[in-house]
Amino acid sequence: MDRIFAKLLYMLEKKLDTVLVTIIADQGSAPRGAGSQMLVGSEGRILGTIGGGAVEGKADAMARQLLTEQRSCCHLFQLHAAAKENIGMVCGGDVQVQFQYIPGNSDTWTTLAGKLLEMTSARQSGWLALKTDGSAPSLLSSNGEAVLGDPVSGALSKEGWKPQQSRDVFCLPLPIGERAILFGGGHCAQALAPLLHTVGFRVTVFDEREEYACRKNFPTAEHILVGDYTKLSNYLQFSPEDYIVIMTNGHSYDLEVQDQVLRGPFAYVGVIGSRKKTAAVNQKLRERGVPAEAIAKVHTPIGTAIKAVTPEEIGISIAGELIYTRALRREAAGITVSGCPMH
């Protein structure tokens, strides 16, 4: 969402009309779920995706037509062979799509886009409330109070941070993003960090060496910290949503970091290294009194089993495991991103 709204703000500054295309409901199997968005201009899709294929092609054409008509609408795409409007996709589900026409001279949308980007940059929770009739949107705080635009009563339930729809309003949570903390700034971390940034993780890099923990090596990282591996609480507070990757420049440092992070909350902990190293480190962790259930949750050897060798391959392997873990956690929380994932 933040990349789309950054591009939207650019288009508004250029006084160019656009259409914001949003899946507001999905049923059954579909390429993308509710909340997926793309931005369309006079030449077609600018940024984002609602699933590709025929549904996206049809939505792109419809958005360009709505640009010429200067209006908004909603449309149901049926993705099965027996559908009244057969678009050539047989995923087996339906998606309801909102097409929001945005005039290039709209002060309302310019102000809202700027405020939304300000909130996401500050990692401030909130909601984008889109009116299904195409009227002016609202920006809501985390508890549903209006930050910009009209108040939206009854639009939010207690279902957590996932897209929610009432009769005439569709609410999207602002993308705060999960944090990935990389302990160690070596070659593998340098290959991994930009991959994680691309798929929506907020990357923090921690190393004791200034020449490794620097902006030159990690241009996409949100935070870069230089500090003592034995005193992590001086620099960081861990949360249950943190994804922790441990690949320091020494086994003893890996041990020190694990000893600290495994005593607190986390979503994921992965450690680079061989099975022999893992067995030795785990024995020392048990001797130090680290709970056995915490040790058992560690992903080591880290990453998906793709026989990765180079730092770039290892980065892809680790990124894949984090994406999979995040997807499982989102599903457990009732958040469905896609009805027909790749695997």
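The values are calculated or read from the model by the stated rules, or taken from the named source; none is laboratory data. Everything numeric here is computed off the predicted structure, so don't read it as measured data. Counting neighbours? That spans all protein chains shown, and the Cβs are built from the backbone with ideal geometry, glycine included. For accessibility, only protein heavy atoms count, side chains too; no ligands or nucleic acids. Shrake-Rupley method; radii C 1.70, N 1.55, O 1.52, S 1.80 Å.
When the residues of the range 305-343 are filtered to those that are over 16 Å from Val199 (Cα atoms), open to solvent by 70 Å² or more (accessible area, probe 1.4 Å) and in a loop (DSSP other than H, G, I, E, B), the one that is modelled with the lowest pLDDT is His343.
Screening Leu236 on (1) exposed (fewer than 13 other Cβ atoms within 10 Å of the Cβ); (2) touching a residue at least 40 places away in the same chain (Cβ under 8 Å) shows it passes everything except condition (1). Taking (1) open to solvent by 50 Å² or more (accessible area, probe 1.4 Å); (2) assigned to a helix (DSSP H, G or I); (3) basic (Lys, Arg) in turn, Arg263 satisfies each apart from (2).
Looking only at the range 220-268, residues that are farther than 25 Å from Gln283 by Cα and in contact with a strand residue (DSSP E or B) (Cβ under 9 Å, 6 or more places away or on another chain) come to 12 in all.
Take the conditions (1) at pLDDT 95 or above; (2) more than 26 Å from Gln70 (Cα to Cα); Gly104 misses just one of them, which is (2).
For beta carbons closer than 6 Å, sequence separation of 6+ or different chains, a first residue in the range 278-292 that is polar (S, T, N, Q) and open to solvent by 50 Å² or more (accessible area, probe 1.4 Å) and a second that is modelled with pLDDT under 95 and part of a loop (DSSP other than H, G, I, E, B), there are no qualifying pairs.
Counting just the residues of the range 37-63 that are in a loop (DSSP other than H, G, I, E, B) and touching a residue at least 40 places away in the same chain (Cβ under 8 Å), which one comes out nearest to Gln164 (Cα to Cα)? Top of the filtered list is Ile50.
Taking the range 112-129 as the search range and keeping residues that are surrounded by fewer than 18 Cβ atoms within 10 Å (Cβ to Cβ) and over 18 Å from the mean Cα position of the chain (by Cα), which one is nearest to Ser142 (Cα to Cα)? The selected residue is Lys115.
Taken over the range 169-221, the criterion of being in a loop (DSSP other than H, G, I, E, B) and touching a residue at least 40 places away in the same chain (Cβ under 8 Å) is satisfied by Leu174, Pro175, Ile176, Gly177, Glu178, Gly184, Gly186, Val199, Phe201, Glu208, Arg209. Given the structure, is Leu66 at pLDDT 95 or above, out of contact with any helix residue (DSSP H, G or I) (no Cβ under 9 Å at 6 or more places or on another chain) and open to solvent by less than 10 Å² (accessible area, probe 1.4 Å)? It is true that Leu66 is at pLDDT 95 or above, out of contact with any helix residue (DSSP H, G or I) (no Cβ under 9 Å at 6 or more places or on another chain) and open to solvent by less than 10 Å² (accessible area, probe 1.4 Å). How about the range 209-252: which of its residues are under 20 Å from Gly303 (Cα atoms) and more than 24 Å from the chain's Cα centre (by Cα)? Residues satisfying the conditions are Thr248, Asn249, Gly250, His251. Of Ala146, Ala136, Ala129, all but one fail to be in contact with a Cys (Cβ under 6 Å, 6 or more places away or on another chain) and within 30 Å of Ala63 (Cα to Cα); the exception is Ala129.
Among the residues of the range 9-39, those that are closer than 25 Å to Thr68 by Cβ and in contact with a strand residue (DSSP E or B) (Cβ under 6 Å, 6 or more places away or on another chain) comprise Met11, Thr18, Val19, Leu20, Val21, Thr22, Ile23, Ile24, Ser36, Gln37, Met38, Leu39.
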